[in-house]
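S.K.: The structure is given below, and queries will be raised subsequently.
Computed from the coordinates by the stated procedures, all read-outs in this text should not be read as laboratory data. Just so we're clear, the structure is a prediction, and the values are computed from it rather than from any experiment. So basically every Cβ, Gly included, is an ideal-geometry build from the backbone, and we count neighbours across all protein chains shown.
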Amino acid sequence: MSNSSLNLYKSFTYAQPETYHFSHDSVFLARNVFDAVRAENLPADKILDLCSGCGIVGLDYAFHMAKELGRKSAIDFVEVQNVYEPFLNENIHTLNSLFPGMLTSNCVFENYENLHLSPAMKAQYDLILCNPPYFRPGQGKLSPSDFKNRCRFFIDSGFKELMEAISFLLKPGGSAFILLQSLEDHNIDIMSELESYQLFTVQKRGLIRATGFYQLIKPF
């Protein structure tokens, strides 16, 4: 898997906050998941973009599905910071303009820690895409901006709670694809931590721009 910053599969220009722009990690994650679903025929009827921000990962995935395979996508978006709402809505509108009728979507602005309070969301998703904050409190210098801090650090909830939310949301046999920064400098072994929760079969599929690319498969 390439660590290049060159995006060979451009989609469209996304609306995003001026104060915090997405990195190519998001579009590379979308493309790698698209390639995996296509090559491995993974279930993907109902999809969730978790920690969605302005929707880059889910919408880029839907763009590739529509453009290259002519396939519709049903994607929900969950994001804790409602500052992203106008940007997410604009990006959904843009994709719908490019490929009318190819996307069914729903947006939820909620802390993932609270999703278990919504029984209708339990085991609803075949596929979850997630580019969460990379760092935990105390693992770097905080910004004066609470918004930026919530983009970079697990502040509103923790990493274990994220894994529990993914397990709650996935159908048995479903997969979550997630980017996780190596935290070896902080004496954390990500793979060992993931396996310790005993929620998934965990596979590290490689690196995306030096960030770990993992597949979490919920057992039947």
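S.K.: If you put +1 on each Lys and Arg Cβ and -1 on each Asp and Glu Cβ, how big is the dipole of the chain around its Cα centre, in Debye rounded to 20? Display every interim value, and only then the final one.
M.R.: Details: 19 positive and 24 negative charges, 93 e Å.
The dipole of the chain has a size of about 440 debye.
S.K.: From Cα pairs below 8 angstrom and at least 6 apart in sequence, can you work out the relative contact order of the chain, rounded to a whole percent?
M.R.: Relative contact order, the chain: 21 percent.
S.K.: Mind ordering 59-68, 46-55, 187-196 by average Cβ neighbours within 10 Å, highest first?
M.R.: Highest mean packing first, the order is 46-55, 59-68, 187-196.
S.K.: Once the Cβ-Cβ distance between Glu195 and His116 is put in as r, and R0 is 22 Å, what FRET efficiency do you end up with, to the nearest 0.05?
M.R.: 0.50
S.K.: If you don't mind, there's one more thing I want to ask. Lysines within cross-link reach of Lys160: Cα-Cα under 27 Å, excluding same-chain residues under 8 positions apart?
M.R.: Reachable lysines: Lys46, Lys122, Lys141, Lys148, Lys171, Lys204, Lys218.
S.K.: Rank by packing, highest mean first: peptides 162-175, 11-24, with packing defined as the count of other Cβ atoms within 10 Å averaged across residues.
M.R.: 162-175, 11-24
S.K.: Another question, then. Have a look at the DSSP beta bridges in the chain and tell me what percent are antiparallel, nearest 5. Mind dumping the intermediate values first?
M.R.: Numbers: 14 of 35 bridges.
Antiparallel bridges: around 40 percent, rounded to the nearest 5.
S.K.: If you don't mind, there's one more thing I want to ask. Starting from 0.36 nm per residue, how many nanometres of slack lie between His24 and Arg38 once their C-alpha separation is accounted for?
M.R.: 2.9 nm
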